[in-house]
Amino acid sequence: MPSAEPDVPFVASFTALWRPVARHRVNLPEQVRSDLRSAASAVTAELPPDDLLGAEDTLNAALGVPGSRRAPHYRLLSVKFSLRLSPSSQEVLAARRADVARIRRLEFLKTALYERPDLLVLDHLERTSELPEEEVLAELQRLSRSIKSCGAWWQPLLEVWESLGAGFGDVEIRHKAMEALLQLSAEALRAATAPPGRASPDGRVG
């Protein structure tokens, strides 16, 4: 029976009690098994593959109740499902859970720590038993300022340049586009910070 993740299969076994309601129906046991496999696949299609007990409970709750499924040639009296994972599937799921946990931690650090450079310095201070020397503290402060300025200034600028350069196949032209963008940015910054009445680079008076 397929799982929600094709690369993490599990094995399902079930015991069913049923009663025929139509005579002269051949291959009725095969029909019962086929119907139950199809119904179980539909029930477990959207379930997470690492919650085996939850999937087992869901299957038994949905299909294990007498009369939960109606068929023209038989009537189900009871169904009991049991699920298990192979050792290789357990290893795959364990690695996947570790990857998901690591990604969540990195996302948390990015949001709560690295976007707050002051917290980065405090985190280093908290991890050490002694106060750092002045040289180390100065380096941490420079790192803090660098991270903050990169997020506020250089990263948006580089993202714009990357989008601009994506339209050119030649590397040299991409660099020229970078230079033009930097020049325009510098001119716009000088114009925005120039004192009132001071001439701008193009000769106009602000």
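The values are calculated or read from the model by the stated rules, or taken from the named source; none is laboratory data. Please read all numbers here as calculations on a predicted model, not as lab measurements. So basically every Cβ, Gly included, is an ideal-geometry build from the backbone, and we count neighbours across all protein chains shown.
Of the conditions (1) closer than 30 Å to THR15 by Cβ; (2) surrounded by fewer than 16 Cβ atoms within 10 Å (Cβ to Cβ); (3) modelled with pLDDT under 80; (4) among the basic types (Lys, Arg), ARG69 fails just one. Which one is it?
Every listed condition holds for ARG69 apart from (2).
Within the group LEU77, LEU85, LEU120, LEU125, which residue is modelled with pLDDT under 85 and either of a type in the set (Gly, Ala, Ser) or loosely packed, with under 12 Cβ neighbours inside 10 Å (or both)? Even if it seems obvious, please write down each step before you answer.
Working: LEU85 fails: either of a type in the set (Gly, Ala, Ser) or loosely packed, with under 12 Cβ neighbours inside 10 Å (or both); LEU120 fails: either of a type in the set (Gly, Ala, Ser) or loosely packed, with under 12 Cβ neighbours inside 10 Å (or both); LEU125 fails: either of a type in the set (Gly, Ala, Ser) or loosely packed, with under 12 Cβ neighbours inside 10 Å (or both).
Of LEU77, LEU85, LEU120, LEU125, the one residue that is modelled with pLDDT under 85 and either of a type in the set (Gly, Ala, Ser) or loosely packed, with under 12 Cβ neighbours inside 10 Å (or both) is LEU77.
For the condition within 14 Å of ALA16 (Cα to Cα) and touching a Ser or Thr at 6+ places or on another chain (Cβ under 9 Å), what is the one hit in VAL79, VAL43? Break it down stepwise before answering.
Working: VAL43 fails: within 14 Å of ALA16 (Cα to Cα).
After ruling out the rest, the residue left standing is VAL79.
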